[in-house]
Amino acid sequence: MNLFQACVKGDIKDAFTQLRKTVTSGQPAALWAIMMHAAAWHEEHEFDTAHSTIITYAIHRMIEDLGPNPKLLTDDSEDIKRNLPDEFREHLQLVLMQRLTMHLAAIDHWKSDKGPRYDYEPKTDSLYNVTHAYTQSIREHSHMAALQDATTLANEEDPIRFIRRTITLAAEDADNLGHAFIMPMSLIAELPSLKFSFPHRAVLWHLTEYLARKTPANKPDGLPAEIDFRHLTKPTNLTAYSNLFATAAVKYGILGHNGIFAHRIAEATRTGLIGSDTTIWLLKRLERNIGSEMLSEDNLKMESLIVERNGTDWDIQPTQIDLPHTERVRDWLSETTNGYWDKMVDLKSHTFERAIQETTNDEWDLIRASQYAMCAINGDERESHVVIFTQGMWSLADMKLISKPLAALQVHRMLRQYLKGK
């Protein structure tokens, strides 16, 4: 079996074996195409959204965020320098990859007669006409027609038109968890290159199957149309909405969805995938999802948050996920992080919370890495939200939409809440 087959057949042991072989080959683009191919075969039985695409996006960004690794990454992360020893950084990157592999092997998968298809052809028409047809096919919930249209548009050398049209459709009716925007935004960022034919086709099937179910039949009133999809837009300045992003981090909602939704809005805006009107539309939906008054600057100060709100205490520490590199990562953290790791896993939440206020600038990378490790090696291997939220909060901190202390505190509290009893 290859890595994709091992994941889809649910053979975790062989999936680890195949991952090691694939990583050794040193072809990171192919590795991520395989991950997305496996993610496309996730059939979600419990929620209305398959989360494997979303966790693949999150773990890819976390591995990039830790710095260069030629076996796992292209050169996108070469400029990132973290205050971490190279050996530990590489072990942590690999443990994140192993966590993703175990997740993709442990989830429910489509049966072969109902899952992704590969036997379809793109349409032949002008790109303008196909973009219109793609929109109409999605609105009419015509999955296979939308798939053919998407294939035509995604076959462009630089498929900005397809990407932007997809993201604006996803923005129209984000639900009360933000799923309808979060999933397509994550998938588009991870769409395999056309040269990886089967993964590319399977992921487009996965995208259009989802959009055809979630997109409204008509564009909602009050949302101005974005007309020219041939170019990226000028990023909207989000500084005026800093309180909204901070409130989304604090009032992160069920399984962290408010914080995750906030991050994907910011990322789509930062990368020029949505214009200012769509950005404001989504921010209003985020505010609606939070469902209560925004917190004031005084209420968002660290002193107030730590005194007025309590994190979740544990009766016992959460179950450790048995990944090939779990022990190496955990032992390093316990011995080398100036006590931060031991404070994070203490049964009392406030043990770490009090330490946040005493953190110096050169220690934030240690805390970030420790929280990446905590969500990767603890809990249930099928769970995705603890990983997705952790990545989203630290990314918002990198965008300077929330502070690093706030990111550390809220990731800590979310992990404490959703790892309890796992």
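All of the numbers you see were taken from the coordinates with simple rules; none came from a lab. Given the structure is predicted, the values throughout are model-derived calculations rather than measurements. Note that each Cβ is placed from the backbone with ideal geometry, even for glycine, and that neighbours are counted across all protein chains shown.
Mean separation of Cα pairs under 8 Å and 6+ residues apart, divided by the residue count of the range 48-146: what relative contact order is that in percent?
RCO, the range 48-146: 19 percent.
Kindly identify the chain as rounded, prolate or oblate by the Cα gyration tensor criterion: order the square roots of the eigenvalues as a ≥ b ≥ c, call it rounded if a/c is under 1.5, otherwise compare a/b with b/c, prolate if a/b is larger, else oblate.
Note, shape of the chain comes out oblate.
Which FRET efficiency, nearest 0.05, do Lys400 and Lys195 yield, Cβ-Cβ r, R0 30 Å?
So the FRET efficiency works out to roughly 0.25.
Tell me, what is the Rg over Rh of the range 239-290, with Rh the Kirkwood radius over Cα pairs?
Here Rg/Rh amounts to 0.95.
Could you give the length gained on full extension between Asn218 and Gln27, defined as 0.36 nm per residue of separation minus the Cα-Cα distance, in nm?
Roughly 64.5 nm would be gained on extension.
Where in the range 305-330 is the amide nitrogen less than 15 Å from a point lying 7 Å along the Cα-to-Cβ axis of Lys420?
309-319
For the range 110-116, just list the computed ³J(HN,Hα) in residue order, Karplus coefficients 6.51, -1.76 and 1.60, θ = phi - 60°, integers in Hz, with x standing in for Gly and Pro.
Each residue's phi maps through the Karplus curve to give 4, 6, 4, 8, 10, x, x Hz.
Using every Cα-Cα pair within the range 3-106, state what percent have a distance larger than 17 Å.
Across the range 3-106, Cα pairs with separations above 17 Å total 51 percent.
Among Thr312, Thr360, Thr233, which one moves the most in a GNM of the chain with springs linking Cα atoms closer than 10 Å?
In the Gaussian network model the winner is Thr360.
Looking at this model, which pairs from Lys301/Lys400; Lys123/Lys195; Lys234/Lys404; Lys251/Lys301 are more than 21 angstrom apart at the alpha-carbon?
Checking Cα-Cα distances, Lys234/Lys404 exceed 21 Å.
Could you give the nm distance between label points at Thr74 and Glu297, where each point is 7 Å from its Cα heading toward the beta carbon?
It is 4.2 nm.
Grab the beta carbon distance between Glu140 and Asp380, set R0 = 45 Å, and tell me the FRET efficiency rounded to 0.05.
Efficiency at R0 = 45 Å is approximately 0.75.
Using only Cα atoms, find the angle between the long axis of helix 257-270 and the longest principal axis of the chain, and express it within 0 to 90 degrees, rounded to the nearest 10.
Helix 257-270 sits roughly 60 degrees off the main axis of the chain.
First check a/c for the range 223-382, with a ≥ b ≥ c the square roots of the eigenvalues of its C-alpha gyration tensor; if it is under 1.5, answer rounded, and if not, answer prolate when a/b is larger than b/c or oblate otherwise.
Verdict is prolate for the range 223-382.
Considering the options Thr312, Ser112, Ala397, tell which one lies farthest towards the positive end of the dipole of the chain, charges being +1 on Lys and Arg and -1 on Asp and Glu at the Cβ, about the Cα centre.
Checked the options; the winner is Ser112.
With labels modelled as points extended 7 Å from the Cα through the Cβ direction, what inter-label distance (nm, one decimal) is found for Asp113 paired with Glu46?
Distance between the two pseudo-spin positions: 2.8 nm.
Can you compute the FRET efficiency between Glu363 and Asp125 using 1/(1 + (r/R0)^6), with r the Cβ-Cβ distance and R0 = 60 Å? Round to the nearest 0.05.
For Glu363 and Asp125, the calculated efficiency is 0.60.
In whole Hz and in residue order, list the ³J(HN,Hα) couplings for the range 54-66 that follow from phi through the Karplus curve 6.51 cos²θ - 1.76 cosθ + 1.60, θ = phi - 60°; x for Gly and Pro.
Running phi through 6.51 cos²θ - 1.76 cosθ + 1.60 with θ = phi - 60° gives 5, 6, 4, 4, 5, 5, 4, 5, 5, 5, 4, 5, 7 Hz.
In nanometres, what is the gap between the two model label sites at Asp86 and Asp158, each 7 Å from Cα along Cα-to-Cβ?
3.5
Using modelled backbone amide H atoms (1.01 Å from N, in-plane), which distant-in-sequence or interchain residues come within less than 5 Å of Asn378's amide H?
Ile321
Given H placed 1.01 Å from N in the peptide plane, which residues other than close sequence neighbours of Leu401 have an amide H under 5 Å from its amide H?
Hits under the 5 Å cutoff: none.
Would you pull out the residues with amide H under 5 Å of His109's amide H, same chain only if 5 or more places away, H placed 1.01 Å from N?
Sorted by chain and number, the residues that satisfy this are Glu43.
For the range 303-416, rounded, prolate or oblate, judged on the Cα gyration tensor with a ≥ b ≥ c (square roots of eigenvalues), a/c < 1.5 rounded, else prolate if a/b > b/c?
Since a/c stays below 1.5, the shape of the range 303-416 is classed as rounded.
Return the sequence-ordered ³J(HN,Hα) values of the range 101-108 in whole Hz as given by the Karplus equation 6.51 cos²θ - 1.76 cosθ + 1.60 applied to θ = phi - 60°, using x for Gly and Pro.
With coefficients 6.51, -1.76 and 1.60, one gets 4, 4, 4, 5, 7, 8, 7, 7 Hz.
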